[in-house]
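K.L.:
The structure follows.
The values are calculated or read from the model by the stated rules, or taken from the named source; none is laboratory data. Everything numeric here is computed off the predicted structure, so don't read it as measured data. For neighbour counting, all protein chains shown are included, and Cβ atoms are generated from backbone atoms with ideal geometry for every residue, glycine included. Ligands, DNA and RNA are excluded from the accessible area calculation, which covers all protein heavy atoms including side chains. Shrake-Rupley method; radii C 1.70, N 1.55, O 1.52, S 1.80 Å.
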Amino acid sequence: MTPTEAAVLARSVLSCPDAITLRVSEDRQTSLDDDYDVTCDVHGAPVFSACEDSALVTAARGGAGGVVEVSSGLSHPATGGRRIDLFLQGRLAERGSGCACCGESRSLVALDPTRVTLFCDDRPVPVDLDRFRDRRHVLNPGYLQRTAEHANEAHESELRTAMASTFGIPVRTLLAASLLRVDPSGVDVSWLDSAGAHTERLDFLRTVSSPQELGEALRSQLHAGLC
């Protein structure tokens, strides 16, 4: 595995976790329950949302160290059938306020990594920090996989409407619709109707290079309600 491949795989795991564990000051475990939410991979840093009076925010304000352990949620093609885990060590830092739409003021806490290590079938692979933080890796395979999964889980109704409109199919005949694969150049879609299962490729007008551009391209091709 080249240094760049290791960095891309590490960013992919951070963008597409199966489970995340945070240890603060390396002496106790902080569980990610209702009090701690996680926003994965913000420019190579895991970011947590917590109540302002929580132990996590207090630790961040005191400059505590932390370790984040991530189990991969990547699909088989991205992992090659290997078990992949990611360890990030660094310092906790407060990063402003999160969404207060639920009436509760919350703070954002990031782990700024100083050391990143992949474990491929328990074999450690050090990851170069500069490559890991490279903004060109923002649309990594893990991020693209999570984008498709989110659309399928949260926007299936909009997808059925989009397929019907795009391919001239009566929406009442559509039994299901989903995104099979998203990449910077386009999206592979699938739907099931009375005639059976179908797949098609929808190319974007241009290759995208950021999450914002990807969201705009998906909404343009599929449905304005997608987020």
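K.L.:
Tell me which residues, restricted to segment 153-206, are of a type in the set (V, I, T), closer than 30 Å to H137 by Cβ and out of contact with any strand residue (DSSP E or B) (no Cβ under 6 Å at 6 or more places or on another chain).
P.N.:
V182
K.L.:
What are the residue pairs meeting all of these: first residue in segment 152-171, first residue among the small types (G, A, S), second residue in a helix (DSSP H, G or I) and open to solvent by 60 Å² or more (accessible area, probe 1.4 Å), Cβ atoms under 7 Å, and 6 or more apart or on different chains?
P.N.:
Correct list of pairs: A164/V171.
K.L.:
Among the candidates R201, R181, which residue alone is open to solvent by 60 Å² or more (accessible area, probe 1.4 Å) and closer than 30 Å to P3 by Cα?
P.N.:
The unique qualifying residue is R181.
K.L.:
Follow-up. Determine whether S71 is surrounded by 20 or more Cβ atoms within 10 Å (Cβ to Cβ), hydroxyl-bearing (S, T, Y) and not in a helix (DSSP H, G or I).
P.N.:
So S71 does not fit the description; no.
K.L.:
Now for a separate question. Count, please, the residues in segment 86-116 that happen to be open to solvent by 20 Å² or more (accessible area, probe 1.4 Å), farther than 17 Å from G62 by Cα and either at pLDDT 95 or above or among the aromatic types (F, W, Y) (or both).
P.N.:
Residues in segment 86-116 being open to solvent by 20 Å² or more (accessible area, probe 1.4 Å), farther than 17 Å from G62 by Cα and either at pLDDT 95 or above or among the aromatic types (F, W, Y) (or both): 3 in total.
K.L.:
Cβ-Cβ under 9 Å, sequence separation 6+ or interchain: first residue in segment 39-65 and part of a strand (DSSP E or B), partner acidic (D, E) and surrounded by 20 or more Cβ atoms within 10 Å (Cβ to Cβ). Which pairs?
P.N.:
V47/D41
K.L.:
If a residue has to be of a type in the set (S, T, N, Q), open to solvent by 40 Å² or more (accessible area, probe 1.4 Å) and modelled with pLDDT of 85 or more to count, how many in segment 32-54 make the cut?
P.N.:
0
K.L.:
Go through (1) part of a strand (DSSP E or B); (2) open to solvent by 30 Å² or more (accessible area, probe 1.4 Å) for H223 and report which single condition fails.
P.N.:
(1)
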